[in-house]
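The structure appears right after this line, and notes come after that.
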Amino acid sequence: MDARKLRQYSRQAVRLLGMLDKQCGEVTLTPVQAHALGEIQLQPLSINQLAQQLNVDKSNASRTVAGLSKLELVEAIENPKDKRSQLVTLTSLGQNMLSQLDEQQNTFFEDMLQTLNEDEQQQLKVGLETYLKGLANVCQADEFILRPLTQSDNPQLAIVIRKVSAEHGLTEDKGYGVADPTLDDMYSVYNKENAMYWVIEYQGEVVGGGGFAPLAGRPDVCELQKMYFLPQTRGQGLAKRIVAQSLKLAKQLGYQHMYLETTECLGAAVKLYEKLEFEHLDSAWGETGHDACEVVMAKAL
């Protein structure tokens, strides 16, 4: 394929998805407003952070927030880390609008997938993952990129997990996740309709990741899994973002709870989960096989 053919496919996809229209289907939001609501739902953001997530300039993000504020879909709150700045969060009206948009878009894409057989759906998934990876490498080379796991990420992701585990003394002989037999082929674990895993990429290298999958023995519960981050990723809000995306998608998939196991030596992680309203449990759920993880928590979806 040459560049002109790829451009042609991309233009046609943009048109068919209605990205050139003034509003998203029956929802009275512009495409950029709809994308902004989706990002803000995951966690409150500053204008600069929103601009980065949407890959637009600050003035565009500012105009978008102003329009959403006028519609009473978002509001400004004080930034707890910097009282001189503000964060943008959804109002209850904004939550309702986003739910309506999600329902509309889910129906649209479910109808589209029904026109493809299983092999075609798998080809589409692999193709889109590769396309997104290539776009991210070109458009955001000097930024942290959050994207779905691809099969080619397996070797780098395994290295990250082993490095972080060794840093905290979470060795294989102690029954931690680093001992899982699937560690070198994480893609096969999460390449399923009821699971998802995101990697963090920086300058072409995988530097962290996290996701969720069904909890063994509890079909109504999913487990937050394999949350590992190299030092350069920490303090960037990336772990919080992965958890937020996991909670949102898990709820859409029909799970009733999200469960996790961790250890007290990962104090920052435990504090993050508590802040995100995960509750401590008296005993473990399901059959994870990680008997060394003494901290067990869950959150209702």
Ranked 283, 165, criterion: other C-beta atoms within 10 Å, fewest first: 283, 165
Multiply the residue gap between residue 69 and residue 114 by 0.36 nm, knock off their C-alpha separation, and tell me the result in nm, one decimal place. 12.5 nm
note: the chain, Cα-Cα separations exceeding 35 Å make up a percent value of 21 percent
With unit charges on the beta carbon (Lys/Arg positive, Asp/Glu negative), name the residue among 55, 43, 18 whose Cα is farthest towards the positive pole of the charge dipole of the range 3-113. 55
Just to confirm the number: angle between the C-alpha axis of helix 3-16 and the first principal axis of the chain, 0 to 90 degrees, nearest 10? 80 degrees
Which of rounded, prolate or oblate describes the range 140-300 when judged by the alpha-carbon gyration tensor and an a/c cut-off of 1.5? rounded
Within 10 Å of each residue's Cβ, count the other Cβ atoms and sort 221, 56 from fewest upward. 56, 221
Three semi-axes of the equivalent ellipsoid, the range 1-103, Cα gyration tensor, whole Å, largest first: 28, 17, 10
What nm distance separates the two modelled labels at residue 271 and residue 6, each placed 7 Å from Cα along Cα→Cβ? 4.2 nm
Please give me, ordered by residue number, the GluC sites (Glu not before Pro) of the range 41-133 that lie in loop per DSSP and have at most 16 other Cβ atoms within 10 Å. 72
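Quick note: the coordinates plus some simple rules give every number you see, no bench work behind them. Note that the structure is a prediction, hence the values are computed from the model and not measured. So basically every Cβ, Gly included, is an ideal-geometry build from the backbone, and we count neighbours across all protein chains shown.
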